[in-house]
Structure formats: C-alpha cells, structure tokens
Amino acid sequence: KPLDEFEAPGARNSTLGEDALWHVLYSLGQDNTYLNKRKAYWGLVLAVRDRMLEKWTAVQRKYYANDDKRLYYLSLEFLPGKFLRGNLLALGLENEAHEFLHEHDLSLDEIVDEECEPGLGNGGLGRLASCYMDSMATLGLPAYGYGIRYSYGLFRQEIRNGHQVEQPDNWLHEGSHWLIPRPHNLFPIRFYGTVNEWLDDDGMLRHDWRGGDLVMAMANDMYVPGYRNGHVNSIRLWEARPHKEFVLSSFNAGDYIGSVQEKISDENISMVLYPSDDAPEGKTLRLKQQYFFVAATMRDMVRRFKKLNKPWDQLPEKNVVQLNETHPAIAIPELMRMLLDEELLGWEEAWCICQKLFAYTNHTILPEALETWPVKLIERLLPRHMQIIYEINRRFLEEVRLHFRDEPELPSRVSLISAGPEQRVRMSHLAIVGSFSVNGVSSLHTQILKDRVFHDFIRIFPDRFNNKTNGITPRRWLRQCNVPLSWLLSEHLGCNWITDLTQLKKLRELVDDVEFRHDWEQCRLTNKKRLADYIEKVNGITVNPHSIFDVQVKRFHEYKRQLLNILHIISLYNNIRRNPDVKMQPCTFIFGGKAAPSYQMAKDIIYLINCVARRVNSDPHTRNFLKVIFLANYNVSLAQLLVPATDVSEQISTAGYEASGTGNMKFALNGALTIGTRDGANIEIGERVGDGNIYLFGLCEKEVLALRRRGYDPWEFYKNDSELREVLDMINSDQFTPGDSTAFSSIFNSLLTGGDPFMVLADYRAYVETHKRISHEYVDRDLWIKKSIMNTAGMGYFSSDRAVKEYIDGIWSLEPDV
Ligand code: 26W
C-alpha cells in the first residue's frame, strides 16, 4: 500500500500488519516499502503494544471506578522470557501476525530471534514472579508487579575450554519497546542523612529524616496481558536517575567532572542484578537497591490511595503487599516511617496498618541464604529505619517476655537483631513480625519452616504460617513452548485446558488408545529433533533423537547435586568401555545452568562436566551409546526449547534443601518422567502423577537428618562400593584433564575429607539403580508413553492459576475484576 493510505493506529480499524508498517515508518523512521527481520519485529512489537495500552488504560480506569482492592507484588527479580510470542498468544493476534509476516516472506520463528531476553532474575524466584504475573492478569486481578529496571541482567554465560566465563548482559542496548519509560512518574529517594526530633502540638515526640543523598526513581512499565480476557496488568520497574538539584549544585560550584561522577554513581543503583541466588553479598549497593525500589513503590501505593480520600485505617482494606522473599522487607519500616513521620499517625495505629498490609513468602531454608544486614550499615544508610526497627523489636520482645515468662532464652532467639561481635538485622524475623501471613512454597518446605527454621515463631504467631505450593503458567510452559502437543491436546480435550489445567486429567481415558499414543510419541520426537538440531548448530555435536534425553537444567549449586548426575555418567561410561557389546538404550545427558561468579565449587562442577563431555563424546567405543552435552547460557528461551524435548527430568537435590522447584513441574507437564528425591514439590508431583509414573529414590528429609545426627561418613561408601570408588579415583586423577591430576581435587576432597555435606555418596547407589530401571523401562515404548501421558494428565494442580487462586483466598482477599 502507498503510505498515505495508512491511518494512525488507535482508530483500530486497521489490521495488525498495517499498524506494524505504520510504526516502521512513523515510530522507527524507516522505509516501510520493504521489510527485513528487524523492521518486521520492531513494527510488530509497537503494533501489539498499542493494543495492550488501550486495554491497560481501560483496566486502570475500571480499578478506580470500582474502588478495587489492589495487590502489590514486590520482587527484586522478574524473569518474563521473550515477550512477542506470548503477547500475541494472549491477545489472540497470532494468525494476524503470521499472515502479515507471510506476506513479507518472513516467519515468526525467524523474527523472534531479534528479541533479546530480559534476564532480570537469577532463577526460580524470578521466574515464579513472572508466572504469577501471568496468572494474575489471566484471572483479571487488580495487581501490580514492582521491581528494578536493571541495565544489565544476569550475566551471559560462555564456556571457554570448559570453564564458565561471564559476559555482561546489556539487554537494553537496542532499547526495548516492551518497556515504556514514564519520566513523569518520578520520586526522590533518600540515603544517609540525619534524624531530627521535634515535638508536635500534642507534645508528642516526632522524627524527621533529612539531608544525605537524593536519587530519583523513575518508572518504566512492562505490560502483562491476560489470556484472551481483555485484561492487561503492568510491572513497574524503577530506574535510578540522578537528582537534578544535586548535580546542579556541584555544577554551579564549577566542579563539572565531580557533578558528572555523582550522576554516574546515582545511576549505579539500578545498573546490575546481583548474580547470586545462594549467599547474600552483603554489599551496601545491594541494600541500596532494596530500599530504592521499595521506597518508590510505597510512595506509588500511597499516592494512589490518597486519591481515594479515605482514612488511613482503610489502607489494608484497599491494598495488600506480597513480599517475594525478604529482599523487599525494608518496606515494613519504610511504610512505618511514612505513616509516623509524614502522616503523623501514632505508633499503634501505624503498626496495626502494617501488620494487616504485608505478607511474606519464604523461598529458601539454606541458612547462608537467609538475609541479615549489619546494624552499623543500616544505621548509616537508613538511620530512621534503624530506629524504627529497634522500636519494633523492643515492643515485640516485650510481648514475648510477657507471654513466655518461663523461657528466658526465647527473646534472643526471635529477636530482630542478632547478638555477637557484629550486630545484624535478621530480615526474615522483621518480615515475620511485620506481616499477617508467612508462606512456604511446597508442603514439605512449609513443614520444615514450621518445625525447624521458624519453629519459635509458630508458637508466638500460630495462625500466621501457611503453605502455597508453587505453580507454573500453562500458557508459556505448554501452549507456547510445545505447539505439537498443544494441538494434540486441544484436538482431544478442546482448548479449555489453557485456562483450566485440571482438564488434563481427562487424558487418563486416552492412555489405552493406540493411535493417541502414537501421536503423542510423534509430538515428542518432533520436539527432540528440534533440540537435536540446536545442539548440532551450537555445540557441533550430533545427538540421536531416539536416545533418552536426560536433562538437568537449573542454577549450579552443591545441594542440587549436578555432581551426583555426572558421577553416574562416569560409571556408565566405564561400564560401556568394559562391555563393548553392551545392549543398552543410547543416552544423551544434557546439562545447563549458571554458577554464581564467586561460587568456586559450582564453577569446578561445570568444568568437570565439560571435561567428562569432551572425553566421552570423542571416545569411539562409547560414542553411539553415550553423549554428554553442556548447553551454555541457560535461560528462559533455552528452557522453552529443552522442556518439551526431555524424556527424563533430573530433580535430585539433597532432601530438605530444595524449597519447591518449578523446573520439575515444567518437565512433567510436558510428559517427561522425573527421577528425583523426595524433596520440595517432587513429593506432591509424585502424589498426583502416581507412584508408578515417577522415579523417586534416595534418603528422605528425615533420613538425611537422622544420618547426619548419627554421624555420616562418606568414606564408608567409598570403601564399600568399588564402582563408586573407581569413579571418584578417576576424578582425582588426570583422566579428564590429561597432564593435570589436581584439577578436581577440590571436588574429591569435598566429597570425602570434607564430609560430603550434601550426601552425594549416600544416595549414589540408589540413584544408579534407579537409572538402570529407567533405561529398561524406556525400551518398552508402550509402557513409557503411557507413563508420559499419565504425567501430563496429573499435572493440572501445578498451574500457577491454582496457586494464585490460593493466594487470593488464603491471603489477599481480592476480587477478580473481569
Ligand atoms: C540474597 C541472595 C539470594 C537471592 C535469591 C538468596 C536467595 C534467593 C532465592 C530465594 C533463591 C531462589 O530462587 N529460590 C528458589 O525459589 C523457587 C521459587 O519458590 C523455588 O522453587 C526453589 O526451590 C528455590 O530454590
């Protein structure tokens, strides 16, 4: 069409393709008489965005008109994955997009390559936040996500000579039109400074925090469309901007370079995501990030609330704040500060409001992951907040002493401040005391919180603790990532499963249908071939799509026990070499995942896997039976490729350590069989897919505790299991690193002299025997496919729609607004 025939989008009697072309010319300023991938991509993004914005503004208007209660979901991490495909799907624009691209000799598959993935999270916690945002929009909830617009997401992982190398992830270098900057939504955020005291008219002592440094928080909005329901929510990501006045004052003083340097250090706050999901780094910048986004978010919430002209005690009737881990827990003293110092409420009134407003989700029991901040640091950076924390603690401990008179030890155990040479604020205690709800993320995890980690608190606040087993969104983790299977499902079940995943249970009636099983297997094979092509292209290794695809992808951590997996692979390798005529089902073992840059042991394990892979893949005796693949830079996009192509899902954490896991759910939903320990959500997955359709092995949580109490000696397993000994001795030699026999001595030592803290050796034999069973059962294709179908059929419960509904009923008391 000639240019003058295009109407500006908004009038909306134009097609998606017409709008895309319009945007190529008028928004991007590029010739739209021909398109390449990049232009088609960006044009489509803007055309899709227009449609979301119309719906979003209508939805916001409705929230105000209906006086809805709002949910604020505070998370330092979000991992949404690529947007284009999911947004087209949710808005029902897929066909229009295909037509448009087809007219220009392009395909959706090609142009989504143009999109870069926002890696604004480390792993499970960030991805969970994104699944929940998807479900909240699909359920039509008045909900807002809040976080930080990091300039650099989680590092890009490269593998060089077998080692992880971290590269910066400059995901915004081309800009992202999925993110709309809102330069007028701007709040000043204070750091450092001093606290002044004054007496108000009633003679009450008041506090006023002033001075210090100001940084501006600027909003950037990301949009989350519900699935075909006309609903669109948003995630507001704060970006740090220099405070004008500050820069100007030094500028006028003639210190030009100094003023620019100030500007640079202010912007540092939102520069980069901390890449650790185990031990907190304890850096001032991290605490600054936490306070920065929390303070801006509380301002935004109070700004909206004030428009309603309601008394303060209605704040918790009109709002609820969910804290994703303790990372945003500083919101509690921040809201106290606003109510006390700015709104001049009394302590009791302000505290009552906070305790009705906040709810806290715990995602980890690893002691080293529980956040604490030095009192000295908070005193300096946030002096008023430290005063408030002391006062919260004083009043709390007074109550504790009153109610538990015969337990003089209790106050120090539950105190918000830990004693010792360096006093620290326990953020989990602050979050528990300041919230009306504390939840774990799987049955076992919540039980452990109640029995062990927060046992003292369960007696103080018996009704506060509850479980919300995690869930995943079926839109991205089935409909989007597994198109062949989605077609098959919709053909037999209709398409309601997309928003009501429990429909999948009807698949149980189809397991005996030979033709259906055949189609099921074909879907799986299609997905496996696609993955094999990717591996060929990226790693240059040919894998057999008929081999068992056995996959372990997740962050590298000792408790997740990638080591157990590679030990088994080495013993398999030894066995094949000993029996060259062995009759076994060929296996492809696939690994992926990042190690925190400062976590040396995790990096050593990555190196070991890559060295074993090099040896195994090039050995002519084993090549046809065994391949080991490490896929670099595991992220959401790669997960979407792997999950539907996996036969065996490795979920093998030391029992009691994995709070829930959500990868386990993605694989089982797509018909993979799980080999796993009785940990986290694995237990609940087992209950729902049935004992015969999951391979659970090894020590359970109670047995892990008991063995540790009895005294666990890994040497015994080394001495008594010759196969295992052979494997460990190989690691402790130069077998995988010719000429260097100490490359893996840290691993060997940790497993033996180090006491094997995650009990890898204790579970080794059970793991190997379970793998033997899997290998046998896989060959019986009918049996295996039936089990695969039974997995998908049993996974309806693990939809994030179910999880979010449980949060609504049990914690948030919200009304869907559709
Ligand atoms: C401060 C350092 C830090 C950063 C992140 C400590 C801990 C974290 C997260 C809690 C780590 C995390 O992602 N935990 C995972 O949360 C998932 C969602 O609930 C669970 O499924 C995983 O089992 C849990 O490890």
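The values are calculated or read from the model by the stated rules, or taken from the named source; none is laboratory data. Every value quoted in this text rests on a predicted model; they were computed, and no experiment measured them. Note: ideal-geometry Cβ built from the backbone for every residue, glycine included; neighbour counts use all protein chains shown.
Among the residues in the stretch 434-445, are any under 26 Å from Ala803 (Cβ atoms), among the β-branched types (Val, Ile, Thr) and modelled with pLDDT of 95 or more?
As a first pass, look at the stretch 434-445 and keep what is under 26 Å from Ala803 (Cβ atoms): 434-445.
Filter once more, keeping what is among the β-branched types (Val, Ile, Thr): 438, 441.
Now drop any that are not modelled with pLDDT of 95 or more, which leaves 438, 441.
Yes.
Any idea how many residues of the stretch 671-684 are within 22 Å of Ala645 (Cα to Cα) and under 19 Å from the mean Cα position of the chain (by Cα)?
2
Looking only at residues in the stretch 231-267 that are at pLDDT below 95 and assigned to a loop (DSSP other than H, G, I, E, B), which one is farthest from the ligand (Cβ to nearest atom)?
Gly254
What is the one condition in (1) of a type in the set (A, V, I, L, M); (2) more than 16 Å from the ligand (Cβ to nearest atom); (3) crowded, with 24+ Cβ neighbours inside 10 Å; (4) under 27 Å from Ile609 (Cβ atoms) that Leu154 does not satisfy?
(2)
In the stretch 69-94, which residues are more than 14 Å from the ligand (Cβ to nearest atom) and acidic (Asp, Glu)?
Glu94
Might you let me know whether the stretch 743-765 holds any residue that is over 30 Å from Pro367 (Cβ atoms) and assigned to a helix (DSSP H, G or I)?
no
Exactly one condition in (1) exposed (fewer than 14 other Cβ atoms within 10 Å of the Cβ); (2) within 16 Å of the ligand (Cβ to nearest atom); (3) of a type in the set (A, V, I, L, M, F, W, C) is false for Leu308; which is it?
So the condition that Leu308 fails would be (2).
Per-residue answers, yes or no, for (1) farther than 28 Å from Glu815 by Cβ; (2) in contact (Cβ under 8 Å) with a residue 60 or more places away in the chain; (3) crowded, with 17+ Cβ neighbours inside 10 Å; (4) over 31 Å from the mean Cα position of the chain (by Cα):
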| position | (1), (2), (3), (4) |
| --- | --- |
| Thr15 | yes, yes, no, yes |
| Glu18 | yes, no, yes, yes |
| Arg38 | yes, yes, no, no |
| Gly43 | yes, no, yes, no |
| Lys69 | no, yes, yes, no |
| Ala90 | no, yes, yes, no |
| Phe100 | yes, yes, yes, yes |
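Please specify each residue of the stretch 342-371 satisfying the condition of being modelled with pLDDT of 95 or more, buried (at least 18 other Cβ atoms within 10 Å of the Cβ) and of a type in the set (A, V, I, L, M, F, W, C).
Leu345, Ala350, Trp351, Ile353, Cys354, Leu357, Phe358, Ala359 - these are the residues of the stretch 342-371 that are modelled with pLDDT of 95 or more, buried (at least 18 other Cβ atoms within 10 Å of the Cβ) and of a type in the set (A, V, I, L, M, F, W, C).
Go through the stretch 268-291 and count every residue that is away from the ligand (no atom under 16 Å from the Cβ) and touching a Ser or Thr at 6+ places or on another chain (Cβ under 8 Å). Steps first, answer last, please.
At the first step, the residues of the stretch 268-291 found to be away from the ligand (no atom under 16 Å from the Cβ) are 268-271.
After this cut, where a residue has to be touching a Ser or Thr at 6+ places or on another chain (Cβ under 8 Å) as well, the list is 270-271.
The total comes to 2.
I'm trying to understand the selection: among the residues of the stretch 664-697, which are touching a residue at least 40 places away in the same chain (Cβ under 8 Å), of a type outside the set (Lys, Arg) and within 17 Å of Lys468 (Cα to Cα)?
Passing the criteria: Met665, Asp679, Gly680, Ala681, Ile683, Glu684, Ile685.
Name the strands (runs of 3 or more DSSP E) wholly inside the stretch 406-476 in which the number of residues that are over 18 Å from Thr662 (Cα atoms) and out of contact with any Ser or Thr (no Cβ under 7 Å at 6 or more places or on another chain) is 2 or more. Quick ask: steps written out before the conclusion?
On the way: elements: 424-426, 437-440, 465-467.
The qualifying strands (runs of 3 or more DSSP E) are 437-440.
Among Asp31, Asp4, which is the only one that is more than 30 Å from His327 (Cα to Cα) and at pLDDT 95 or above? Talk me through it step by step, then tell me what you get.
Details: Asp4 fails: at pLDDT 95 or above.
Selected residue: Asp31, the only one of Asp31, Asp4 that is more than 30 Å from His327 (Cα to Cα) and at pLDDT 95 or above.
Of all residues in the stretch 415-432 being surrounded by fewer than 22 Cβ atoms within 10 Å (Cβ to Cβ) and among the hydrophobic types (A, V, I, L, M, F, W, C), which is nearest to Ala369 (Cα to Cα)?
Among residues in the stretch 415-432 that are surrounded by fewer than 22 Cβ atoms within 10 Å (Cβ to Cβ) and among the hydrophobic types (A, V, I, L, M, F, W, C), the one nearest to Ala369 (Cα to Cα) is Ile417.
Give me the residue from the stretch 123-151 that is within 16 Å of the ligand (Cβ to nearest atom) and not in a helix (DSSP H, G or I) and, out of that set, farthest from Pro275 (Cα to Cα).
Gly145
Condition check ((1) surrounded by fewer than 23 Cβ atoms within 10 Å (Cβ to Cβ); (2) of a type in the set (D, E, K, R); (3) in contact (Cβ under 8 Å) with a residue 12 or more places away in the chain; (4) at negative phi) across all residues:
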| site | (1), (2), (3), (4) |
| --- | --- |
| Val551 | no, no, yes, yes |
| Glu558 | yes, yes, yes, yes |
| Ser571 | yes, no, yes, yes |
| Asn579 | yes, no, no, yes |
| Val582 | yes, no, yes, yes |
| Cys587 | no, no, yes, yes |
| Lys594 | no, yes, yes, yes |
| Asn617 | yes, no, yes, yes |
| His621 | yes, no, yes, yes |
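Give just the number: which of (1) surrounded by fewer than 23 Cβ atoms within 10 Å (Cβ to Cβ); (2) touching a Cys at 6+ places or on another chain (Cβ under 7 Å); (3) small (Gly, Ala, Ser) does Ser490 not satisfy?
Looking at each condition in turn, Ser490 falls short on (2).
With the structure loaded, tell me whether Leu626 is closer than 19 Å to Ser750 by Cα and of a type outside the set (Asp, Glu) or whether it fails that test. Spell out how you get there, then give the answer.
On the way: closer than 19 Å to Ser750 by Cα: no; of a type outside the set (Asp, Glu): yes.
No, not satisfied.
Would a scan of the stretch 156-179 turn up a residue that is outside any loop (DSSP other than H, G, I, E, B), over 30 Å from Lys603 (Cβ atoms), not aliphatic (A, V, I, L, M) and not assigned by TED's automatic domain parsing to the domain that holds Asn87?
Residues of the stretch 156-179 that are outside any loop (DSSP other than H, G, I, E, B), as a first pass: 156-160, 163-167, 179.
The next check asks that each one be over 30 Å from Lys603 (Cβ atoms); those that pass are 179.
Applying the additional criterion that residues be not aliphatic (A, V, I, L, M) yields none.
For the stretch 156-179, residues outside any loop (DSSP other than H, G, I, E, B), over 30 Å from Lys603 (Cβ atoms), not aliphatic (A, V, I, L, M) and not assigned by TED's automatic domain parsing to the domain that holds Asn87: absent.
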